[in-house]
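Data block below; observations after.
The values are calculated or read from the model by the stated rules, or taken from the named source; none is laboratory data. As the structure is a prediction and not an experimental result, all values here were calculated from the model. FYI the Cβ positions are ideal-geometry reconstructions off the backbone, even for glycines, and counts take in every protein chain you see. These accessible areas exclude ligands, DNA and RNA; they are computed on the full protein's heavy atoms, side chains included. Shrake-Rupley method; radii C 1.70, N 1.55, O 1.52, S 1.80 Å.
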Amino acid sequence: PLAYEGIYGLSQGMSGLCFLSSGVGCILGSTSGGRVTDLLLARHRRALEAAADSERVEDIKIPAEARLGAMWVGISLFMCAVIICGWLIEYELALAGVLVVQFFIGAGMAFTFQSLGRYLIDVFPTRSARITGVQNFWRSLWAAVIVQLFPTMHENIGWGWSYTVMFFLTLAALLLMQVVVFRGERLRQRFGPGPELR
């Protein structure tokens, strides 16, 4: 709302309507994110079945981390859209461009959350409601922190650089997720929950 009202001169009602673009993106991202991760899992299973002996096909166990491969789609979309959005606002370029980019921010974010949520449910299948609550708690906590910091950031370093900082925070989180992608199963075996929590 700060950019919509302060830079583009929209009323509160009109700036509220601008969030429809990211809302539609979130709807499409969340519905496609789950389906893409399911397709990725099915492809991973077919590849493992092709490589396995025919009599051992039913014993194939697909690691939960196979779901996280789809996160690259959503997170890449989100990161590109975030940095473009910041610099569009910085140079006060067309509002239509900002709205289009906001759509991709919503789609990328929801796609990523959907992939991560399904991964967490695969890791904790008997505690799916609890782990979804934990995921939402941390997501809301970070959102609250960013909402408090962002006005100060854009006043001191501008819109473009504020969004660039968001880009690098997302990149750092993505690099941490790669540890989970490549070492997750091993880490779960060593430090993970006991059978009573799985």
Checklist entry - What do you reckon, how do His154, His44 stack up by accessible area (1.4 Å probe), largest on top? => result His44, His154
Checklist entry - Could you give the length gained on full extension between Phe137 and Lys61, defined as 0.36 nm per residue of separation minus the Cα-Cα distance, in nm? => result 24.3 nm
Checklist entry - Per residue, how many Å² of accessible area does the chain show with a 1.4 Å probe? => result 60 Å²
Checklist outcome for this item: Over the chain, the sum of -39500 (n - 2.57) across DSSP H runs of at least four, divided by residue number and rounded to 500 deg cm²/dmol, gives at 222 nm -28000 deg cm²/dmol
Next on the checklist: Let me understand the chain better: what is its radius of gyration from the alpha carbons, and its Dmax, in angstrom?
Outcome noted: 19.8, 68
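Order Val100, Val82, most accessible first, counting only protein heavy atoms with a 1.4 angstrom probe.
Final ranking, largest accessible area leading: Val100, Val82.
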Checklist entry - Per-residue accessible area for Leu40 at 1.4 Å probe radius, Å² rounded to 10? => result 40 Å²
Checklist entry - How big is segment 23-119 by the Kirkwood estimate over distinct Cα pairs, in Å? => result 14.8 Å
Checklist entry - Taking the Cα-to-Cβ direction at Arg35 and at Trp161 and moving 7 Å from each Cα, how far apart do the two end points lie in nm? => result 4.3 nm
Item to check | Accessible area of Met153 in the full protein assembly, 1.4 Å probe (Å², nearest 10) | outcome: 40 Å²
Next on the checklist: Which order do you get for Ile146, Ile89, Ile84 if you rank them by accessible area with a 1.4 Å probe, largest at the top?
Outcome noted: Ile84, Ile146, Ile89
Next on the checklist: To the nearest 20 Debye, how big is the dipole of the chain about its Cα centre, given +1 on the beta carbon of each Lys and Arg and -1 on that of each Asp and Glu?
Outcome noted: 620 debye
Item to check | Full-extension gain in nm, Leu171 to Ala47, via 0.36 nm per residue minus C-alpha separation | outcome: 41.7 nm
Item to check | Cα-based helix-to-principal-axis angle, 95-123 vs the chain, degrees rounded to 10 | outcome: 20 degrees
Checklist entry - Just the Cα atoms of segment 87-198, one point each, no solvent: what log10 I(q)/I(0) does Debye give at q = 0.17, 0.23 Å⁻¹? => result -0.99, -1.42
Item to check | Heavy atoms of Cys26: accessible area, 1.4 Å probe, square angstrom to 10 | outcome: 40 Å²
